[in-house]
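Notes to accompany the following structure.
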Amino acid sequence: MRQGLQVCVFVLLSGFAIGQDSGQNSQARDLKLAGDRFKPLTYDTMTPEQRKMTDDVLSGERGSMAGPYNVLLRSPEMGDLAQKFGAYTRFHSTVPKRLNEFAIIITARYWTSQFEWLPHKRAALQAGLRPEVVDAVAIGKRPASMWMDEEAVYDFCTELLTRKQVSDETFEAAAELLGERGVVDLIGVIGYYQLVSMLLNTDRYPMPNGMAAELKPLPTN
């Protein structure tokens, strides 16, 4: 009788574990991956390394595979390292969120990265960046009225992106505002979102359904 009870408990627990695993896999299979040149992958056809990267992304703060991850899955070891770096730059940077999102949309505008622009424009506004500042960045103009901390971040980002160098005056303003660690974190967020922009632009990543691209091409000299 006791042995039969043990067998019954084992079967019930095994069924519960299998149900949990099936539920997780079912959720993981509904990834809503998108792509153009890089065709959307499915969880069932992924390698173990690709599944690990997928599980790591979905268990993190993003909870979504939208954006560059369908491309990064082609090199999953690199992709997993990149997405962890990206999670730090977006969610744990020492740069205040308003200024961090400002740096992201400046980078997205520099690359005319349409998909990257949309969610980070929204995040920047939610973090307190004023609409007139966002609108100026969208058309490639220096915002006419910025707060001092925004001006320091704008100057640093635009000089580094366009000139590939940063003047002493611009560096000192950023360091005074953010400290040395903050300056490095600011460089990190610019660098990561350049990677994201290059991935999305190379793929020709599609816009979400019903949403139009907002950024116009910047004039070329």
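The values are calculated or read from the model by the stated rules, or taken from the named source; none is laboratory data. Source: prediction; values computed, not measured. A quick note on method: Cβ atoms are made from the backbone with ideal geometry, for glycine too, and the neighbour counts reach across all protein chains shown.
Laid out as a table, the results:
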read-out: Yes/no for GLY19 being assigned to a helix (DSSP H, G or I) and at pLDDT below 95; value: yes
read-out: Inter-residue pairs, beta-carbon under 6 Å, first touching a residue at least 12 places away in the same chain (Cβ under 8 Å) and in the stretch 118-135, second outside any helix (DSSP H, G or I) and not acidic (Asp, Glu), 6+ apart; value: VAL133/PRO143
read-out: Any hit, the stretch 126-144, residues being assigned to a helix (DSSP H, G or I), crowded, with 16+ Cβ neighbours inside 10 Å and under 12 Å from the mean Cα position of the chain (by Cα); value: no
read-out: Every pair of residues 6+ apart whose Cβ atoms lie under 9 Å, when the first sits in the stretch 193-218 and is closer than 21 Å to CYS157 by Cα while the second is surrounded by fewer than 12 Cβ atoms within 10 Å (Cβ to Cβ) and of a type in the set (Val, Ile, Thr); value: LEU215/ILE139; LYS216/ILE139; LEU218/ILE139
read-out: Test result for GLU159, within 30 Å of ARG204 (Cβ to Cβ), in a helix (DSSP H, G or I), acidic (Asp, Glu) and at pLDDT 95 or above; value: yes
read-out: Enumeration of residues in the stretch 167-204 that are outside any helix (DSSP H, G or I) and either of a type in the set (Lys, Arg) or not assigned by TED's automatic domain parsing to the domain that holds TYR110 (or both); value: ARG204
read-out: Qualifying residue in the stretch 96-109 (condition: surrounded by fewer than 21 Cβ atoms within 10 Å (Cβ to Cβ) and farther than 29 Å from LEU218 by Cα); value: no
read-out: Scope the stretch 43-65; condition surrounded by fewer than 16 Cβ atoms within 10 Å (Cβ to Cβ), modelled with pLDDT of 95 or more and either among the hydroxyl-bearing types (Ser, Thr, Tyr) or in a loop (DSSP other than H, G, I, E, B) (or both); matching residues; value: THR47
read-out: Condition met for GLY179 (of a type outside the set (Ser, Thr, Tyr) and surrounded by 11 or more Cβ atoms within 10 Å (Cβ to Cβ)); value: yes
read-out: When residues of the stretch 151-162 are limited to those that are closer than 15 Å to THR107 by Cβ and not hydrophobic (A, V, I, L, M, F, W, C), the one surrounded by the fewest Cβ atoms within 10 Å (Cβ to Cβ); value: THR162
read-out: Meets criteria (more than 27 Å from TYR69 (Cα to Cα) and without any contact (Cβ under 8 Å) to a residue 60 or more places away in the chain) for ARG163; value: yes
read-out: Pairs where the first residue, in the stretch 71-88, is free of Cβ contacts under 8 Å to residues at least 12 places away in the same chain and the second is among the hydrophobic types (A, V, I, L, M, F, W, C) and buried (at least 21 other Cβ atoms within 10 Å of the Cβ), C-beta under 8 Å, 6+ apart; value: MET78/LEU72
read-out: Residues of the stretch 133-165 that turn out to be closer than 22 Å to SER113 by Cβ and touching an Asp or Glu at 6+ places or on another chain (Cβ under 8 Å), as a count; value: 3
